[in-house]
Amino acid sequence: MQRLKLDEGIRAVKLARRAIEVYLSEKKVIDERLPGVFKEKRGVFTTLTKHGELRGCIGFPYPVKRLDEAIIESAISAATQDPRFSPVSLDEMDEIVVEVTILTSPEKLNVKPIEIPKHIKIGKHGLIVKHGLYSGLLLPQVAVEYNMDAEEFLSQTCLKAGLPPDCWFYSEVYRFEGQIFKEIEPRGNVIEVELGGAKNCHR
């Protein structure tokens, strides 16, 4: 799956911010269609942080919508529908950093449970754990931010699903990769984040 170029990542983040601000000010969902990679179906998550703290994160794990449409919907949902937080206000957007993570298609790990951690690379893979009606997802950046190893990352994904921390031994485990673009400050330059640091910078 083709990676986005920096200028495409910048457009993705700006689209997410615009979608949120128009929705909060006008209660209207923007109808923007972008060319190229944005026509492709991709999974995507929008993450909002305020003063370094999570303020909302929602997205589409699977490539079920055009990327531009998925960005718009995930951005608005992150700002207004994340059950962990109250809805974001328009005034707050001056303090919020917008981050967009473009996902590869999740790949099921068909290996013995004891070998699963060996197939997870911290800083590269995000995880989905499924068991019956329960499902949990953590983006690749979570493991890096909290200094997790592969087993802890698996356990935390289980907990995210509302399951016991060792559920990955008897559940379906999927891995995926994510390409991260974010503002370095609210409305500021957009960078592509490498989980060992940041590369490239542009307004």
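The values are calculated or read from the model by the stated rules, or taken from the named source; none is laboratory data. Just so it is clear, the structure is predicted and the values come from calculations on it, not from any experiment. Please note: Cβ atoms are built from the backbone with ideal geometry, for glycine as well, and neighbour counts cover all protein chains shown. The protein model used for the area step is the full one, side chains on, heavy atoms only, and it has no ligands, DNA or RNA in it. Shrake-Rupley method; radii C 1.70, N 1.55, O 1.52, S 1.80 Å.
A residue that is at pLDDT below 95, touching a strand residue (DSSP E or B) at 6+ places or on another chain (Cβ under 8 Å) and not small (G, A, S) can be found somewhere in region 2-20.
Residues in region 101-147 that are open to solvent by 20 Å² or more (accessible area, probe 1.4 Å), over 12 Å from R175 (Cβ atoms) and among the hydrophobic types (A, V, I, L, M, F, W, C): I114, L133, V142, V144. For region 1-12, a residue qualifies if it is surrounded by fewer than 16 Cβ atoms within 10 Å (Cβ to Cβ) and not in a helix (DSSP H, G or I), and the qualifying residues are M1, Q2, R3, K5.
Between L109, L138, the distinction of being at pLDDT 95 or above, under 16 Å from the mean Cα position of the chain (by Cα) and within 22 Å of M1 (Cβ to Cβ) belongs to L138 only. State all residues of region 114-129 that are under 17 Å from G59 (Cα atoms), out of contact with any Cys (no Cβ under 9 Å at 6 or more places or on another chain) and without any contact (Cβ under 8 Å) to a residue 60 or more places away in the chain; if no residue qualifies, say none. H125, G126, L127 - these are the residues of region 114-129 that are under 17 Å from G59 (Cα atoms), out of contact with any Cys (no Cβ under 9 Å at 6 or more places or on another chain) and without any contact (Cβ under 8 Å) to a residue 60 or more places away in the chain. Residues of region 59-77 that are in contact (Cβ under 8 Å) with a residue 60 or more places away in the chain and part of a helix (DSSP H, G or I): A75 alone. Taking the criterion of being touching a helix residue (DSSP H, G or I) at 6+ places or on another chain (Cβ under 8 Å) and in a helix (DSSP H, G or I), the residues of region 153-166 that qualify are F153, L154, S155, Q156, T157, C158.
Matching residues to (1) of a type in the set (D, E); (2) more than 19 Å from Q2 (Cβ to Cβ); (3) outside any strand (DSSP E or B):
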residue	(1), (2), (3)
C57	no, yes, no
P83	no, yes, yes
P87	no, yes, yes
E92	yes, yes, yes
V97	no, yes, no
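Among the residues of region 180-193, those identified as within 13 Å of the chain's Cα centre (by Cα) and open to solvent by 10 Å² or more (accessible area, probe 1.4 Å) are K182, V193. In region 13-32, the condition of being touching a residue at least 60 places away in the same chain (Cβ under 8 Å), open to solvent by 30 Å² or more (accessible area, probe 1.4 Å) and among the basic types (K, R) is met by at least one residue. For region 58-72, the set of residues classified as closer than 17 Å to R18 by Cα, open to solvent by 30 Å² or more (accessible area, probe 1.4 Å) and under 13 Å from the mean Cα position of the chain (by Cα) consists of I58 only.
Under the condition of being open to solvent by less than 70 Å² (accessible area, probe 1.4 Å), part of a strand (DSSP E or B) and farther than 26 Å from L90 by Cβ, the residues counted in region 33-55 number 1.
Exactly one condition in (1) touching a residue at least 24 places away in the same chain (Cβ under 8 Å); (2) within 19 Å of the chain's Cα centre (by Cα) is not met by S171; state its number. Going through (1) touching a residue at least 24 places away in the same chain (Cβ under 8 Å); (2) within 19 Å of the chain's Cα centre (by Cα) one by one, S171 breaks only (2).
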